[in-house]
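The values are calculated or read from the model by the stated rules, or taken from the named source; none is laboratory data. Owing to the predicted nature of the structure, the values given are computational and were not obtained by experimental measurement. Backbone-built Cβ (ideal geometry, glycine too); neighbour counts: all protein chains shown. With ligands, DNA and RNA removed, areas are computed over all heavy atoms of the protein, side chains included. Shrake-Rupley method; radii C 1.70, N 1.55, O 1.52, S 1.80 Å.
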Amino acid sequence: MKNFLKLFLLFFPLLFLTSCFDILDKVNVKADGTGEYTIILNASKSKTRLASISKTETINGKKVPKKAEIENKINEAAKIFKGTPGISNVKTSMDFDNYIIKLSCNFKNIENINAGLEKLKAQKILGKMIPGQVYSQDLSKKTLTRNKVNTFKEDYNKMSKADKEVFNDARYTSIMQFENTVKSQTNNAYVLSPNKKALKLEADILDLILQKKQIQNTIFFQ
């Protein structure tokens with residue numbers, strides 16, 4: 001289980017007992033640089049299996065986290081985000097019937113999210129390999145960047161076959177919405193909306209781990 005936690009989130013460990021889960025990462029950025037950040041972890045496609053697993057103590061030699069442990073991790077993450085300068089209106093929701101967890105907040109500038117993630121890493125709420133410097137923005141140059149993420153291929157290759165299977169059907173979606181109009185971008189894997197005010201990237205998490213698909217992108221605004 002530790003290998004999974006190094007690669008991804010700690011505050012919903014049950015996700016890593018099934019390969020059918022989705023991560024939605026969403027930002028909404030206004031013209032002045034303020035905005036809202038949301039992350040949703042959704043394992044509803046595996047809810048029957050997870051409900052069964054949650055009643056056991058261990059599976060494949062790994063301890064199964066209980067509801068209280070998961071709630072404590074999420075509440076701890078929310079508390080840390082609330083204490084991060086520039087971040088406000090932190091909200092969490094936990095649906096243990098469908099295994100959907102959501103954390104959202106407002107930011108004064110998108111780089112406040114970087115600071116919040118670094119704090120979560122320092123407190124071991126996030127695995128140390130989760131990138132902290134995810135976003136950067138230059139209002140004067142009218143640009144916003146999703147920074148490059150290092151490859152996790154070496155760590156993935158060290159996993160057992162059973163551990164690797166966790167990522168087989170896992171999906172990641174990034175949605176970025178803007179008040180300003182997008183003029184151009186450097187990564188056309190992101191689909192531009194018809195009104196040119198939103199970008200969407202969909203990928204298998206395994207493709208991101210092995211860098212078969214890139215997250216990095218610089219967006220230029222009109």
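Things worth noting here:
- Residues that are of a type outside the set (S, T, N, Q), crowded, with 16+ Cβ neighbours inside 10 Å and at pLDDT 90 or above number at least 2 in the following strands (runs of 3 or more DSSP E) confined to region 65-175: 87-95, 100-107, 143-146.
- Residue list for region 189-215, restricted to those being within 21 Å of residue 31 (Cα to Cα) and either among the β-branched types (Val, Ile, Thr) or open to solvent by 40 Å² or more (accessible area, probe 1.4 Å) (or both): 191, 192, 194, 195, 196, 197, 200
- Hits in region 201-222 (condition: assigned to a loop (DSSP other than H, G, I, E, B) and in contact (Cβ under 8 Å) with a residue 40 or more places away in the chain): 210, 211, 214, 215, 216, 222
- Residue match in region 187-200 (condition: among the aliphatic types (A, V, I, L, M), assigned to a strand (DSSP E or B), closer than 16 Å to residue 35 by Cβ and within 17 Å of the chain's Cα centre (by Cα)): yes
- The set of residues in region 34-46 being in a loop (DSSP other than H, G, I, E, B) and either surrounded by fewer than 17 Cβ atoms within 10 Å (Cβ to Cβ) or modelled with pLDDT of 95 or more (or both) consists of 34 alone.
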